[in-house]
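Undergrad: Here it is: the structure, laid out below.
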Amino acid sequence: MKPAHTLARHALPPMPAAWRDELAAQLAPDDAIEAWLTLDLDPRLHYAPGLVVLTRHHLWAREQGDASWRSWAHQATLTLQQHDHAGVGSLALHAGDTRLVVWRYTLEQMLAAQRLATRFAQLGSATPHRTPDADICPTCQTPLPPDTDICPLCSREAITPPSTWVLFRLWRFAHPYRLQLLAGFLLTLAATAATLVPPYLTMPLMDEVLIPYQNGKPINTGLVMQLLGGLLGSALLAWALGWARTYILAKVSERIGADLRTITYEHLLRLSLEYFGAKRTGDLMARIGSETDRICVFLSLHLLDFATDVLMIVMTAAILFSINPWLALVTLVPLPFIAWAIHVVRDRLRTGFEKIDRVWSEVTNVLADTIPGIRVVKAFAQETREAARFSEANRHNLLVNDKINKVWSLFTPSISLFTEIGLLVVWAFGIWQVANNQITVGVLTAFLAYIGRFYGRLDSMSRIVSVTQKAAAGAKRIFDVLDHVSSVPEPTQPVHLDHVSGALTLREAGFRYGNRAVIRGLNLSIAPGEMIGLVGHSGSGKSTLVNLICRFYDLSEGAILLDGVDIRALAVADYRRNIGLVLQEPFLFFGTIADNIAYGKPAASRAEIVAAARAAHAHEFILRLPHGYDSLVGERGQGLSGGERQRISIARALLIDPRILILDEATSSVDTETEKEIQKALDNLVRGRTTIAIAHRLSTLRQADRLVVMDRGQIVEVGPHDELMAREGAYFRLYQAQARNVDTDMDDGDRDD
């Protein structure tokens, strides 16, 4: 047994010593431990110890109350299925369709469970051990799935390869344009038929005009004019039909692409903050931007070419068989080889292009991080470091593209080689038939003309494999967004409140991040118009409680009521229209001052905007700007001071006249003079509204009707400032600690002077 080696490789939590020794006594000399999972739940979801151990030849398990170890020898029919739901994970052992046993654990053990399941699958496969050159995850050192650079254990994302079938899901976006698509298909059919006319007319030109002329017969001028007129007419008809079908289908594809972008963005806006917490801005921008563009190009150009190629091949094959079946059969010789090559290359291209998409997202992520944070980059003189980050991401992108190009550079000339060999075979067989008087020279000439088009379309279809797999990879990444369900769902039959007074009630409210309880058993009633101050150490749950009240997240247990109605029964948008939010770091959009103030109420008049700015004590400094309310502010409010941005955000909250006001550290990042100005604005803002305020400086909450002291996700004290100070409890200790820090800072300042 080699537990030390296994522990170093997998970095698992230590195995209980007593059970490890018991198991070691039962293992054969060559049956080394590969992975293990420490269980902490029993089948009734009560906390209880247990252990699942994977060895080279067996799967072992021991739970509380078991007299001995249970084991299952590795067999091809055994599978381990790992799931998690609502903070509880499960690992089920199956023999075919029969479930043998299931183990439960908290999400704290999720990584160990995923590693065990992955290693179990590897041991049961034909290649159980990793080859020296296999890709491994640099974090957990486990082998990566084939053709991917994402570790499913570390990312906790299911890695499913993109399938070409995902392109058929685009039909939901194409359905509104089905009549235009039908017209485009009919035009494609007619244009393809028109392009097949010229080779057919070459037979009479050869057999009835040119060859007789070489034998001494005069040229039939009328017949020549008819045949040439037919060639010109078919060319003009093919041009007109091709132009019409290209224009119609290009318009349709652009609209499908626009609808795809719009629907994806709208769906993205409806997702909860939990989704955005696990995503990078650059990655989401790439999905909505470049992926939809790629799909649009595929629909407007390559799909049209593919349809044309298919029609051309089918119709050409029919003509070839009608002219000479034996020669037509010889024409099909390269098809099996081309089909085999496409089958081999297709999967590699599909997974490769998805990898390219992810790597390109790394490049855009660096840009999305650096450009908005350029001040910090320059302030810390990190230009060289950020350039190196971009260079590394760009280098990774280059390496991945080189791998794809290596495959594609071999595939494309191989297809051309197969078609050239096929053409050579047709020439040889055709010459033999002409020599034996089975066909005429005109028939062979027409046949070769058709074969040129036939093989040309085969070559074109093989090249479409690349763009098809690119589009499939892009479509998968977009549908990954569209398939994600918000953790803050809309009610099926929302309740409508005619009048909102602002009474909030929390009943046994609880919230968990994974397996970690952040809020536990909160009970609190807030009267309409009352101001509540939330205080507590960092990490006590204040901001989480505010996020729950705003319904950025949903409770894991309990309920939050607005005027006696569970907020989950209200439409999300209707509920949030009653909430005004002023954050510690106010966010302003690129645009005018007036646009930013009116963000929550776009139809507001200029008089309403000015009134809100006056109440927020922002009117004076706005008038000092070059263009007043029409002055442009840079991205994220660049060009304005922190206090000015905060007063604009207060004006934005005032304009919507909310019944509930959330102040999250609204004055913590400004100087004393600016704080006084902001406090005057806040006095106007909180008047007559239910207010929940978080403040870094406890002295700013003296005007609160009640203070709610939180510690480790629970409420430990509630009451006015004077009453809590008299109790000399948790709030008293917080206040005294902050007062001592202030005094120390002042003393240090005096010594510096």
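The values are calculated or read from the model by the stated rules, or taken from the named source; none is laboratory data. Just so it is clear, the structure is predicted and the values come from calculations on it, not from any experiment. Because the Cβ atoms are built from the backbone with ideal geometry, glycine has one as well, and the counts that use them run over all protein chains shown. These area figures cover heavy atoms from the full protein model, side chains too; ligands, DNA and RNA do not enter into them. Shrake-Rupley method; radii C 1.70, N 1.55, O 1.52, S 1.80 Å.
Undergrad: For GLY282, which of the numbered conditions (1) open to solvent by less than 20 Å² (accessible area, probe 1.4 Å); (2) modelled with pLDDT of 70 or more fails to hold?
TA: (2)
Undergrad: Look at ALA428 and say whether it is farther than 30 Å from PHE276 by Cβ, out of contact with any helix residue (DSSP H, G or I) (no Cβ under 6 Å at 6 or more places or on another chain) and either open to solvent by 50 Å² or more (accessible area, probe 1.4 Å) or at pLDDT below 80 (or both).
TA: yes
Undergrad: Right, something else. Of everything in segment 28-43, what is open to solvent by less than 30 Å² (accessible area, probe 1.4 Å) and of a type in the set (A, V, I, L, M)? Give them in sequence order.
TA: Hits for segment 28-43 are ALA32, ILE33, ALA35, LEU37, LEU39, LEU41.
Undergrad: Select, from ARG507, ARG520, the only residue that is in a strand (DSSP E or B), among the charged types (D, E, K, R) and within 30 Å of GLN736 (Cα to Cα).
TA: ARG520
Undergrad: Search segment 366-404 for residues being within 27 Å of ILE295 (Cα to Cα) and at pLDDT below 75, and hand back the single one that is most open to solvent (accessible area, probe 1.4 Å).
TA: Going through the qualifying residues, I end up with ASP369.
Undergrad: Which condition does THR384 not pass, out of (1) among the polar types (S, T, N, Q); (2) assigned to a helix (DSSP H, G or I); (3) under 28 Å from PRO212 (Cα atoms), if it passes all the others?
TA: (3)
Undergrad: Which one is farthest from TRP360 (Cα to Cα) among residues in segment 287-309 that are of a type in the set (Val, Ile, Thr) and modelled with pLDDT under 75?
TA: Step by step, filter segment 287-309, then rank; the result is THR308.
Undergrad: Contact list please: Cβ distance under 9 Å, first residue in segment 514-539 and at negative phi and touching a residue at least 40 places away in the same chain (Cβ under 8 Å), second residue polar (S, T, N, Q) and open to solvent by 70 Å² or more (accessible area, probe 1.4 Å), pairs at least six apart or on different chains.
TA: From segment 514-539, the pairs are ILE519/GLN714; ARG520/GLN714; LEU522/GLN714; MET531/GLN703; GLY533/GLN703.
Undergrad: Let me ask you something else. Does any residue in segment 170-189 that is closer than 19 Å to ALA472 by Cα come within less than 7 Å, Cβ to Cβ, of a residue that is of a type outside the set (A, V, I, L, M) and surrounded by fewer than 19 Cβ atoms within 10 Å (Cβ to Cβ) six or more places away or on a different chain, and which pairs are these?
TA: What qualifies is PHE173/ASP259.
Every residue, every condition in (1) small (Gly, Ala, Ser); (2) under 19 Å from PHE447 (Cα atoms), yes or no:
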| residue | (1), (2) |
| --- | --- |
| THR192 | no, yes |
| LEU196 | no, yes |
| THR202 | no, yes |
| PRO218 | no, no |
| MET225 | no, no |
| GLY230 | yes, yes |
| LEU236 | no, no |
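To keep it simple, each residue is scored yes or no on (1) modelled with pLDDT under 50; (2) touching a strand residue (DSSP E or B) at 6+ places or on another chain (Cβ under 8 Å); (3) part of a strand (DSSP E or B).
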{"site": "LEU80", "(1), (2), (3)": "no, yes, yes"}
{"site": "ALA92", "(1), (2), (3)": "no, yes, yes"}
{"site": "LEU111", "(1), (2), (3)": "no, no, no"}
{"site": "ASP147", "(1), (2), (3)": "yes, no, no"}
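Undergrad: Right, next: Can you name every residue in segment 316-325 that is open to solvent by less than 50 Å² (accessible area, probe 1.4 Å) and either in a loop (DSSP other than H, G, I, E, B) or over 21 Å from PHE418 (Cβ atoms) (or both)?
TA: Residues satisfying the conditions are ILE319, ILE323, ASN324.
Undergrad: Quick check on segment 478-496. Is at least one of its residues crowded, with 17+ Cβ neighbours inside 10 Å, modelled with pLDDT under 85 and in contact with a strand residue (DSSP E or B) (Cβ under 6 Å, 6 or more places away or on another chain)?
TA: Scanning segment 478-496 turns up no residue that is crowded, with 17+ Cβ neighbours inside 10 Å, modelled with pLDDT under 85 and in contact with a strand residue (DSSP E or B) (Cβ under 6 Å, 6 or more places away or on another chain).
Undergrad: Quick one: is ARG687 at pLDDT 85 or above and either crowded, with 20+ Cβ neighbours inside 10 Å or under 30 Å from HIS499 (Cβ atoms) (or both)?
TA: no
Undergrad: Of the conditions (1) at pLDDT 85 or above; (2) of a type outside the set (Gly, Ala, Ser); (3) over 30 Å from HIS499 (Cβ atoms), ILE715 clears all except one; give me its number.
TA: Only one criterion is unmet by ILE715, namely (3).
Undergrad: Output the number of the condition that ALA328 fails; it satisfies all remaining conditions of (1) in contact (Cβ under 8 Å) with a residue 24 or more places away in the chain; (2) buried (at least 16 other Cβ atoms within 10 Å of the Cβ).
TA: (1)
Undergrad: Any residue that is modelled with pLDDT of 60 or more, surrounded by 10 or more Cβ atoms within 10 Å (Cβ to Cβ) and acidic (Asp, Glu) - is there at least one of those in segment 743-753?
TA: No: zero hits.
Matching residues to (1) under 27 Å from the mean Cα position of the chain (by Cα); (2) without any contact (Cβ under 8 Å) to a residue 40 or more places away in the chain:
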{"site": "GLN382", "(1), (2)": "no, yes"}
{"site": "ALA387", "(1), (2)": "yes, yes"}
{"site": "ALA393", "(1), (2)": "yes, yes"}
{"site": "LEU398", "(1), (2)": "yes, yes"}
{"site": "PHE418", "(1), (2)": "no, no"}
{"site": "TRP432", "(1), (2)": "no, yes"}
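Undergrad: Restricting attention to segment 595-634, report how many residues are closer than 24 Å to VAL686 by Cβ and of a type outside the set (D, E, K, R).
TA: Going through segment 595-634 one residue at a time, the tally reaches 19.
Undergrad: Can I ask one more? Identify the residue in segment 333-361 that is touching a Gly at 6+ places or on another chain (Cβ under 8 Å) and either modelled with pLDDT of 75 or more or of a type in the set (Lys, Arg) (or both) and, among all such residues, is least open to solvent (accessible area, probe 1.4 Å).
TA: Among those that are touching a Gly at 6+ places or on another chain (Cβ under 8 Å) and either modelled with pLDDT of 75 or more or of a type in the set (Lys, Arg) (or both), it is PRO334.
Undergrad: Go through (1) of a type in the set (Asp, Glu); (2) open to solvent by 40 Å² or more (accessible area, probe 1.4 Å); (3) under 30 Å from ARG169 (Cβ atoms) for ASP207 and report which single condition fails.
TA: Single failed check for ASP207: (3).
Undergrad: Taking into account only those residues within segment 555-611 that are among the hydrophobic types (A, V, I, L, M, F, W, C), open to solvent by less than 20 Å² (accessible area, probe 1.4 Å) and part of a helix (DSSP H, G or I), which is modelled with the lowest pLDDT?
TA: Looking at residues that are among the hydrophobic types (A, V, I, L, M, F, W, C), open to solvent by less than 20 Å² (accessible area, probe 1.4 Å) and part of a helix (DSSP H, G or I), I get VAL572.
Undergrad: With part of a strand (DSSP E or B), touching a residue at least 40 places away in the same chain (Cβ under 8 Å), surrounded by 14 or more Cβ atoms within 10 Å (Cβ to Cβ) and not hydrophobic (A, V, I, L, M, F, W, C) as the only criterion, which of ARG62, ARG115 stands out?
TA: Selected residue: ARG62, the only one of ARG62, ARG115 that is part of a strand (DSSP E or B), touching a residue at least 40 places away in the same chain (Cβ under 8 Å), surrounded by 14 or more Cβ atoms within 10 Å (Cβ to Cβ) and not hydrophobic (A, V, I, L, M, F, W, C).
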